[in-house]
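Structure first, commentary second.
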Amino acid sequence: MLDICISGATGWTGSELVRGVLAAPDLNLSSAVARASAGKDVGTVIGDAPAGLNIVPKLEDALAKPCDVLIEYTHPDQGLKHTLYALEQGIPVVLGTTGLNAANFDKIDAAARAAKLGVVTGNFALTAALAQHFALFAARHIEHFEVIDYASSTKPDAPSGTAGELAELLGEVRKPKIDIPVDQTLGPKEIRGANINGVQVHSIRLPGYTLSVESLFAQAGERLIIRHEAGSSAQPYVFGTLLAARRIGEITGLVRGLDKLLFSDV
């Protein structure tokens, strides 16, 4: 049985993960971190029956107990710090926190390899993983592509972690062809979006959206749109997150994307 620590245990995704771990016969919730609810039973805080486990305010307190995997769903400011701390303590990490950049991931990968441990990051919803996998395959064959990111008007980060990571990985496959360079655009250059690893990314923030990401591919006379849409529940992230937790012992270094676990041996 794997002992799991969840950081961000009372958040939108963290609450569903607590339920998922408590229900899994092969997993044990060893600790839960949430500063605002410290000292309270984690089951009661998320609106369920008491779980017999009190929340602690700091990750350092949680990892003082035996732990096999840290599941991290907090804020970008904390996500990097928590991941590096866990690796220092000899604990692999499933990193669901969004908003980190390529430089952060390089630092995490180096730390994970030095510790001979694994870190898995990305959007852990199955449909998001499939959309990323198909988009990376399409980029091998179609040279024109861009990314559109949709989220609620209150989402502070742009692009979303899902869209940003998709763009970075697409740019590793190939740099898309841009017929008219952005700096030669007639009009405001910003209208063409932001460049992430050579890929143009456009973020839309409006009420009514949770999270959607489109990768658009086009060539003469035809177009391909690959779109992932998230609903109002965090339940879709549970399957992928717990899959990553179960397989993280097979990994050394950083793996970006659940699709890597679904479609290859790592």
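The values are calculated or read from the model by the stated rules, or taken from the named source; none is laboratory data. Worth saying up front: this structure is predicted, and the values here are computed from it rather than measured. Please note: Cβ atoms are built from the backbone with ideal geometry, for glycine as well, and neighbour counts cover all protein chains shown.
Scanning the range 167-181 for residues that are modelled with pLDDT of 95 or more and touching a helix residue (DSSP H, G or I) at 6+ places or on another chain (Cβ under 8 Å) yields a count of 4.
Annotation note: of Leu186, Leu216, the sole residue that is assigned to a loop (DSSP other than H, G, I, E, B) and hydrophobic (A, V, I, L, M, F, W, C) is Leu186.
Considering only residues of the range 88-133 that are among the polar types (S, T, N, Q) and assigned to a loop (DSSP other than H, G, I, E, B), which is surrounded by the most Cβ atoms within 10 Å (Cβ to Cβ)?
Asn123
Pairs meeting the criteria (first residue in the range 104-116 and within 16 Å of Asp77 (Cβ to Cβ), second residue of a type in the set (D, E, K, R), beta carbons under 7 Å, at least 6 apart or on different chains) are Phe105/Arg256. State yes or no: is Ser203 loosely packed, with under 13 Cβ neighbours inside 10 Å, closer than 18 Å to Gly99 by Cβ and at pLDDT 95 or above? Spelling it out, it is not the case that Ser203 is loosely packed, with under 13 Cβ neighbours inside 10 Å, closer than 18 Å to Gly99 by Cβ and at pLDDT 95 or above.
With respect to Leu84, determine if the residue is touching a strand residue (DSSP E or B) at 6+ places or on another chain (Cβ under 8 Å), outside any strand (DSSP E or B), at pLDDT 95 or above and not charged (D, E, K, R).
no
Just checking, does the range 43-65 include any residue being part of a strand (DSSP E or B) and among the acidic types (Asp, Glu)? No, the range 43-65 has no match at all.
Residues are listed down the side, and each one gets a yes or a no for (1) without any contact (Cβ under 8 Å) to a residue 12 or more places away in the chain; (2) more than 22 Å from Ala230 (Cα to Cα); (3) more than 22 Å from the chain's Cα centre (by Cα):
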site: Glu16; (1), (2), (3): no, no, no
site: Gly20; (1), (2), (3): no, no, no
site: Ala24; (1), (2), (3): no, yes, no
site: Ala34; (1), (2), (3): no, yes, no
site: Lys40; (1), (2), (3): no, yes, yes
site: Gly43; (1), (2), (3): no, yes, yes
site: Asp48; (1), (2), (3): no, yes, yes
site: Ala51; (1), (2), (3): no, yes, yes
site: Ile55; (1), (2), (3): no, yes, yes
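Across the range 209-234, the qualifying residues are those that are of a type in the set (S, T, N, Q) and without any contact (Cβ under 8 Å) to a residue 60 or more places away in the chain, and the one among them that is surrounded by the fewest Cβ atoms within 10 Å (Cβ to Cβ) is Ser232. Checking each residue in the range 237-254 for being touching a helix residue (DSSP H, G or I) at 6+ places or on another chain (Cβ under 7 Å) and not polar (S, T, N, Q) picks out Tyr237, Val238, Phe239, Gly240, Leu242, Leu243, Ala244, Arg247, Gly253, Leu254. Among residues of the range 136-158 that are part of a helix (DSSP H, G or I), those with a Cβ under 9 angstrom from a residue that is among the basic types (Lys, Arg), sequence gap 6+ or separate chain, pair up as Ala139/Arg174.
Cβ-Cβ distance below 6 Å, separation of 6 or more or different chains: which pairs start in the range 174-200 with a residue that is over 17 Å from Ala139 (Cα atoms) and end on one that is in a loop (DSSP other than H, G, I, E, B) and not acidic (Asp, Glu)? Matching pairs, first to second residue: Arg192/Thr185. In the range 235-242 there is no residue matching the filter, namely being farther than 22 Å from Asp179 by Cα, of a type in the set (Val, Ile, Thr) and surrounded by fewer than 18 Cβ atoms within 10 Å (Cβ to Cβ).
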